[in-house]
Amino acid sequence: MEVSFSKEIESLRLGAGDTFHGEGILAITKALLQSGVAYIGGYQGAPVSHLLDVMVQAKEYMDQLGVHVEACSNEASAAAMLGASIHYPLRGAVTWKSIVGTNVASDALSNLSSPGVTGGALIVVGEDYGEGASVIQERTHAYAMKSSMCLLDPRPDLGVMTRMVEEGFRLSEASNMPTILELRIRACHVRGSFATKDNVSPAVSTRALMEDPSAFDYMKLAHPPVTFRHEKLKGEQRIPAARKYIVENRLNELFPGRHDDLGIIVQGGLYNSLVRSLQQLGLADAFGESEIPLLVLNVTYPIVPEQVADFCIGKRSVLVVEEGQPEYIEQEIATLLRRRDVQTRLHGKDLLPAAGEYSVEVLSTGLTQFASAYLPGPATEEARRWLTGNTERRQAAAAALAKPLPARPPGFCIGCPERPVFSALKLAQEQIGNVHVAADIGCHAFGTFEPFSMGHSILGYGMSLASRAGVSPMMQRRTLAIMGDGGFWHNGLLTGVQSALFNGDDAVLLIFKNGYTSATGTQEIISTPREDARFEATDKGASIVHTNQTIESALRGLGVQWMRTVTTYEVEKMRATITDAFTSDFNGLKVIIAEGECQLERQRRIKPWLANLLKKGERVVRVKYGVDEDVCNGDHACIRLSGCPTLTIKDNPDPLKVDPVATVIDGCVGCGLCGANAHAATLCPSFYRAEVVQNPKWHERLFNSFRGAIVRALQPA
Amino acid sequence: MKQKPISLLICALGGEGGGVLTEWLVDIARHAGYPAQATSIPGVAQRTGATTYYIEVFPATLAELAGRRPVFSLNPVPGALDAMISSELLETARQVGNGLPSPERTLVITSSARTLTTQERMQMADGRADDADLLKLVRQFSRAHQVFDMAAIAKEAGTVVSAVMLGAIAGSGLFPFKREDYEAVVKAGGKGAEASLRGFARAFEIVAQGKAQSDFVAQVLAPQLDPAGTLAPQASPPHHAAHFPASVHEMFGLGYARLLEYQGRDYAELYVQRLQQVLAAEREADPAEARGHATTREMARWLALWMAFDDIVRVADLKSRASRWSRVKGEVKLGDADLLKLYDHFKPGVPEFAALLPPAFAGRLVAWDRKRVSDGRQPWALPLKVGTHSVLGMLSLRTLASLKWLRVRGSRYAVEQQMIEKWLQGVVQGTRRDWQLGHEIALCGRLIKGYGVTNERGKENLLHVLDHLAHAADAAAAVRAAREAALADDAGKALDATLVQHGAPPRPVKAVPIRWMRKPKLGETTKAA
C-alpha cells in the first residue's frame, strides 16, 4: 500500500521512561513487542487493520528484534499459525476482525485449544459490534466458551489495555489455553497515552533459531484418543489454573463504594460508559469514584466463581452489565449463585436491552430503573428527566421535518474502477432482464446502495459464487456472482470456483481485479502489482494491475474455459461482455475479470508524481469532465447510472427551467465514466471532456494560437 | 474547579480529515497540559460516508489534578453535549435528529455547505433537502449556533476543511486553550501548515466575532433573484407585452426571446398567438383575476420550453458559442499558460437524423432501425467524440447549427407541433371547465424535457394523462397526482399506480426486445474430459 506508517513505527521503538501517545490499536501493537512476542500474523479488517499494517511496514525493525511477521491469506491461516506455540516456547499473536474472522478461524482454533499451548498464544480481535460496525452482530464470547479459550475484555484505558496484553500471554502459558483479547471499535480508535517499557526480543527468534524439532508427543495432536483427555483437562486443570492466575494477579478489578449492599458486575470494555452513566445519575464523580461497588471483569471468560460469589454475598442486589446476546456471563453467575444458595437478587437483561451497543444513554435507561428500585432519590429523577428529554427532542425533531432525512451510506470513491461495472450491469439488465446477483464482501458491496441497489445475498467473504449454487439450478436464467480479488484469494477460489468447476455449474462470476483488499485499507495480496511494475510504468497514473496475472493463471490452472478480461471503464464493452456471458452457448463457469486498479492507490501515486513534474516545468495533461448547463435536461439519468460524488446537481441557471441541472464539481479525477456512460446509455449530449495541457511545448502553443484564431472566427458570441 | 469534562462531537464526511482534526485537538490539550481523550468510528466511512469523532477535555490541568485521572466517556451522550461542530449541514441536522445537541447546553457550529447525498441527486425532478428546514432544526435544538460556509473558507485559504473546523473550535472558546496552543500544533504539522493557518485564522475570526450566524441568516433571508439565464438574453418585452398582464411579462419576455433565438420571428409569433388563447380562457375562468393569471404565466414558461425542443441543431448551436468556450475555461480552472482541448460526447441515433428529414423519408429510416432492433441488434447510433477546440470540430458544429431552415421542414417538428396543440387545447378547455384543472395541465409541461427516450417518455406520459384524466371526476386533483407520480421513477411504476387509482388505464405496455438467456442445462457438465 502507498500509505506510510513511519510515524507509528517510530512510536514502536519507545523504551522504558518514555510515554506513548496515540491510538489504542497501536498501543496494543507496542505491547506485543514489550511482551517478547516471537511471531505475528493476521488478516486485515477494521478496526484492527493497523496492527498488521504497521508491523508489515516495520519489517526492518522486526528483523532486528527477531520477530516474524506474516500477512496471512485469511483468518484460518492466521489461527493455524498459532500451532507453533503448541510444542515450542514461542509467544505468538494473531489478529483479525470479529465475528467474521473468528468464524473463518474457528476450525484451527478448536484444534489449537484441544492440545493446548506451551508458549503464550494471543488472538487480538476487533469486536465489530454496535455503531460503526460493518458485519453481522454476534459475540466472540461464544467461541471462547466452546473451545475453552480465555477471553480478555480490558478497560478501555491504554495502561490497562497494554497490561492485559502481557498478562494475556502469561495467562495463556499458566493455563495452556489460547487467549483472546477483545477490543471494541471505539477502544481500538481511542487516543490516549501510557508509560512504555523496553521491547523484549524473544529468546527463540528469527535471529536465534531452534536447532531441532521437539520430540514426538501424541498428546500434542488434536486426534483421538487424546482429544477425550484434552476435553477433560480443560475442566480439570486448565480452567482452574486460569482462575488461579486471574485471582492472584488481580486481572479483574474491584472498586468499592459506599452503598455496599449493592453491586455492579461489568465487562471491562464497558467500564467507561458505565462510569459516565453513573455520573449522569449522580452516583459517581468525574474520577470514577462510584457509590455502588463495581467488579470490573477484564477477563470475561473464564469467570472466577469464588470472586463473583464473594462480591455478591451480603448484597441486596447485583446488576450484570453485559453487551450483546445471549447473556452468557449473567447466566453463569445466576447458576453459580444458585448453586451456592446466595440469595442476592440478580439483574441484567431484565433491565437492559438484549441487543445492540451499550452506549451511555442505553446503560442509563437500565441503571435508572436499578437505582430507582434500590436507591430512590432526586438524582434518579434528574436522570429520568434527562432521558425523557432526549426522547421528546427526537420526536420534536422528526415532527419538524417534512420528510425523513436522506441517508448517507458509504459509497464508491471518486473515479472508483468498480462503479462503471455496475453501470454496465444496469444497462445489460435492460436488454437481458433482471438477474439474480450473489453479492460479496468488499467495496463492491456498495453496489447494494443507491443508485444501483443490486445484490440478492451476502453469505460471507468470497462466498458469492458458492452462495448461488442452489439458486442457478432452480432458475430460468443464469445467475451472476460478484467477487473482489480480496475475496477471491481469501476464500472464493476454493469455496466458489473449484466447487463450480467440479460440479460443472452453469454460472457467471465477475471478479473485480483492483489489485488490493481495498475495503480494509488497500493491503497487498498475491495479485498486487509488484514494486518494479510501479517503477517501470511511464505513466504513473495508469492502472498497472494487468502486470500481475496470478488470478488468470490460477483460473486457467483449475480449468476455467470461458474467461474474458475487460477494463472496467469501458462500459459499452463491459455491457456486451456481460450480455455475452448470459446468452453464450457455453454452459460451464464463465468468468469476467473486471480490471482496473483501486483509485485510492492510483491517486496516492499520481499526486506526488504530477506535483513533481509541474515543479520541474514538464508537460502535464489534466483531465476533467463537465456538463453544459444549458444542454443538460435536468432528468439526472446520468446520476442514476453513476452516483459519483463529483457528479452532482445545482440550481438551473435558466430562469425558464425549474429542475436542477447536473454538474461536475472539483475533485473529478477524469476517470472517463461520464463519457463512457453518455455513449453506452445514449444519455443527453451535455457531457464534455476537457484536457488541460499544463506547461505545453512551444510548438503546441504556436499551433494552438493559429487554430484558436480560426475557431474563434467561426464562433458566434 | 469544574468537575465535568468538556465534550465535543465532530461530524464529518469520509476523507475530510476528521481524524487529523481529532489528533490535533488531543495534541493541543497535551501541550496545554489538560487531560483529554478522543475516539472515533471511522469504519468504511473513508469511502465518502458520514462519520463522527468524539473528544472530551477535562477543564483542570494535570498539575491541578495532582495525579487524579478523570474517567472519560467513549460515546457522545445525547443531551449532555457541550458543543458539536459539523462540516456539512445535513449531517448536522442528522445529529439533531439523533437527539445529541440540546437547547439547554449545546453550542452548534456548522457549515452551511451541502454535499448532496445520492438519494437527493438521483431524483428525476428536484430531490434536494431544503436548507431552510435543516437550518430550522439547528436553530431550534441548540443553545447557540454559528453557521457559515466552511468549504468556501477552506477553498479560499487553499486548505482542507479540518483546519477551518479547528479555527472555529478555537474561536468559540470552548476549550481552556490559548490560540497559540492551537497554532503551535498546526505549525508542527509542517507540510501545508501555512494554508492550514490561513483557514484556521479566517474561521477563528468568524466564530470569535460571532458574526457567522447573522451573515448566513441574512443571506438566506435575502430575496432569491433569478440568475440571468445563459440562454435568455433579457429581451425587453416585445410589442405584444401590452396584450399580457404585468404578472406574465417576465416569463413572456424570456419565452419570446427564447423562440426568437431558437427559430425566428414567425415561430415566436406563433408562441404569442398560442399563449393568447390561454390568456383568453383564463380571463373567462377567472374574470376577477383572483389567481393573478398564474396559468398564463406558467404556460409562458412551459410552452416556450416545449416549442424550443432540443434537437441536433439546437445542441450544436449551444456547444459552439464563444460564451460556452469561456464558461468551460472557468469550470476547468484554465491557467493563462495552459492549453485547453475540449471534446464533446454525442451519440445521435436514427431518430435524431430522421427528425430533420421530411416525414416520408423519416418513416422509412425509422422502420429500418426498428427492424434492426427486432432482429436483436442494437438500434443504430453514431458515437462521436467531437474536438470542439479543433477547426474541423467547430466547422461541423456550426454547419449543423445552421440547419434551422431544415428543422421546420423535418418530421419531428410536425409531430411536436401536433402534440403541443393537443396539450394547449387541453389547457384551454380545462381552464374553461375549471381554472384549477387548466392550471394543473399547464404544469404538466414539466414532464417534457431532454432528448431521445427521456423526451419520448415525457410526452407519452403527458398525453396519456390528458386523454384519460382530463375528464375524470375531480380531474384537477387526478392530474396533479399523476404529474407528481410521473416524476417519481423513470419506469413509471408510480404513474401507472396513480392512473389506475383514478380510474384510468395504465400506460400501454411497450414492446421491448429482450435477449432471452439460455436456461442452464441440467446435468450437462463441462468438466474438461
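The values are calculated or read from the model by the stated rules, or taken from the named source; none is laboratory data. Since the structure is predicted, the reported quantities are computational estimates derived from the model, not experimental observations. Note that we place each Cβ from the backbone using ideal geometry, even for glycine, and neighbour counts take in every protein chain shown.
Looking across the stretch B:138-147, the residues that are more than 12 Å from B:S86 (Cβ to Cβ) and not in a loop (DSSP other than H, G, I, E, B) come down to B:R139, B:Q140, B:A144.
Every condition in (1) of a type in the set (G, A, S); (2) surrounded by fewer than 24 Cβ atoms within 10 Å (Cβ to Cβ); (3) closer than 12 Å to B:L25 by Cβ is met by B:A170 except one, and the failing one is (2). Residue under question is A:T118, and the condition is that it be buried (at least 20 other Cβ atoms within 10 Å of the Cβ), in contact (Cβ under 8 Å) with a residue 40 or more places away in the chain and in contact with a helix residue (DSSP H, G or I) (Cβ under 7 Å, 6 or more places away or on another chain); does it hold? Judged against the criteria, A:T118 is not a match. Only one of the numbered conditions (1) surrounded by fewer than 24 Cβ atoms within 10 Å (Cβ to Cβ); (2) farther than 26 Å from A:L52 by Cα; (3) not acidic (D, E) is violated by A:L510, and that is (1). Only one of the listed residues (B:I55, B:I10) is modelled with pLDDT of 95 or more and more than 12 Å from chain A (Cβ to nearest Cβ). That residue is B:I10. Please find, among A:T538, A:T479, the residue that is away from chain B (no Cβ under 13 Å), more than 22 Å from A:L52 (Cβ to Cβ) and not aliphatic (A, V, I, L, M). Going through A:T538, A:T479 in turn, just one is away from chain B (no Cβ under 13 Å), more than 22 Å from A:L52 (Cβ to Cβ) and not aliphatic (A, V, I, L, M): A:T538. Would you confirm whether or not the stretch A:557-569 contains a residue that is assigned to a helix (DSSP H, G or I) and over 29 Å from A:V669 (Cβ atoms)? Yes; the residues of the stretch A:557-569 include at least one that is assigned to a helix (DSSP H, G or I) and over 29 Å from A:V669 (Cβ atoms).
One residue stands out in the stretch A:602-659 among those that are of a type in the set (S, T, Y) and part of a loop (DSSP other than H, G, I, E, B): the one that is surrounded by the most Cβ atoms within 10 Å (Cβ to Cβ), namely A:S642. Taken as a whole, the structure leaves B:T39 outside the set of residues that are surrounded by 22 or more Cβ atoms within 10 Å (Cβ to Cβ), of a type outside the set (A, V, I, L, M) and not in a strand (DSSP E or B). Considering the conditions (1) facing chain B (nearest Cβ under 10 Å); (2) part of a loop (DSSP other than H, G, I, E, B); (3) modelled with pLDDT of 90 or more, A:V711 is excluded by exactly one of them, (2). Checking each residue in the stretch A:93-115 for being within 19 Å of A:R238 (Cα to Cα) and buried (at least 24 other Cβ atoms within 10 Å of the Cβ) picks out A:L109, A:L112, A:S113.
Could you tell me whether the stretch B:377-387 includes any residue that is within 8 Å of chain A (Cβ to nearest Cβ), touching a helix residue (DSSP H, G or I) at 6+ places or on another chain (Cβ under 8 Å) and in a helix (DSSP H, G or I)? No, the stretch B:377-387 contains no residue that is within 8 Å of chain A (Cβ to nearest Cβ), touching a helix residue (DSSP H, G or I) at 6+ places or on another chain (Cβ under 8 Å) and in a helix (DSSP H, G or I). Within the stretch A:356-377, can one find any residue that is of a type in the set (D, E, K, R), buried (at least 17 other Cβ atoms within 10 Å of the Cβ) and not in a loop (DSSP other than H, G, I, E, B)? Looking for residues that are of a type in the set (D, E, K, R), buried (at least 17 other Cβ atoms within 10 Å of the Cβ) and not in a loop (DSSP other than H, G, I, E, B), one finds at least one in the stretch A:356-377, hence yes. Only strands (runs of 3 or more DSSP E) whose full extent lies in the stretch A:182-291 are considered here, and the ones with at least 1 residues that are within 12 Å of another protein chain (Cβ to nearest Cβ) are A:191-195, A:253-255.
Looking only at the stretch B:75-84, decide whether some residue is within 20 Å of A:A407 (Cβ to Cβ), among the small types (G, A, S) and more than 8 Å from chain A (Cβ to nearest Cβ). There is no residue in the stretch B:75-84 that is within 20 Å of A:A407 (Cβ to Cβ), among the small types (G, A, S) and more than 8 Å from chain A (Cβ to nearest Cβ). When the stretch A:492-535 is limited to residues that are more than 10 Å from every other protein chain (Cβ to nearest Cβ) and acidic (D, E), the one that is farthest from A:G45 (Cα to Cα) turns out to be A:D532. Scanning the stretch A:80-125 for residues that are under 22 Å from the mean Cα position of the chain (by Cα), outside any loop (DSSP other than H, G, I, E, B) and of a type in the set (V, I, T) returns A:V94, A:T95, A:V100, A:T102, A:V104, A:I123, A:V124, A:V125.
Comparison of A:G486, A:G496 shows that the only residue that is modelled with pLDDT of 95 or more, under 20 Å from A:V545 (Cβ atoms) and surrounded by 24 or more Cβ atoms within 10 Å (Cβ to Cβ) is A:G486.
With a requirement of 3 or more residues that are crowded, with 24+ Cβ neighbours inside 10 Å and modelled with pLDDT of 95 or more, the strands (runs of 3 or more DSSP E) lying completely within the stretch A:1-72 that satisfy it span A:39-42. One residue stands out in the stretch B:130-155 among those that are within 13 Å of B:A113 (Cβ to Cβ) and within 14 Å of chain A (Cβ to nearest Cβ): the one that is nearest to the chain's Cα centre (by Cα), namely B:D131.
Selection within the stretch A:371-401: residues that are under 38 Å from the mean Cα position of the chain (by Cα) and touching a residue at least 60 places away in the same chain (Cβ under 8 Å). The member of this set that is nearest to the other protein chains (Cβ to nearest Cβ) is A:W386. Taken over the stretch B:240-263, the criterion of being of a type in the set (G, A, S) and under 14 Å from B:F309 (Cα atoms) is satisfied by B:G255 alone.
Does A:H436 satisfy being away from every other protein chain (no Cβ under 12 Å), over 19 Å from A:L493 (Cβ atoms) and either surrounded by fewer than 21 Cβ atoms within 10 Å (Cβ to Cβ) or modelled with pLDDT of 95 or more (or both)? Criteria not met by A:H436. With respect to (1) facing another protein chain (nearest Cβ under 8 Å); (2) touching a His at 6+ places or on another chain (Cβ under 9 Å); (3) surrounded by 24 or more Cβ atoms within 10 Å (Cβ to Cβ); (4) in contact (Cβ under 8 Å) with a residue 12 or more places away in the chain, the lone exception for B:A93 is condition (2). The set of residues in the stretch B:117-127 being at the interface with another protein chain (Cβ under 7 Å from one of its Cβ atoms), under 14 Å from B:L487 (Cα atoms) and in a loop (DSSP other than H, G, I, E, B) consists of B:M122, B:Q123, B:M124, B:A125, B:D126.
Within the stretch B:330-355, the set of residues being part of a helix (DSSP H, G or I), closer than 17 Å to A:V631 by Cβ and either within 7 Å of chain A (Cβ to nearest Cβ) or in contact with a strand residue (DSSP E or B) (Cβ under 9 Å, 6 or more places away or on another chain) (or both) comprises B:E331, B:E352. Return yes or no: is A:A105 of a type in the set (A, V, I, L, M, F, W, C), under 22 Å from A:A187 (Cβ atoms) and modelled with pLDDT under 95? Taking the combined requirement at face value, the residue does not satisfy it. The residues in the stretch B:366-376 that are outside any helix (DSSP H, G or I) and within 25 Å of A:N677 (Cβ to Cβ) can be counted, and the count is 1.
Selection of the stretch B:98-116 for residues being at the interface with another protein chain (Cβ under 7 Å from one of its Cβ atoms) and under 26 Å from B:I153 (Cβ atoms) yields only B:L116.
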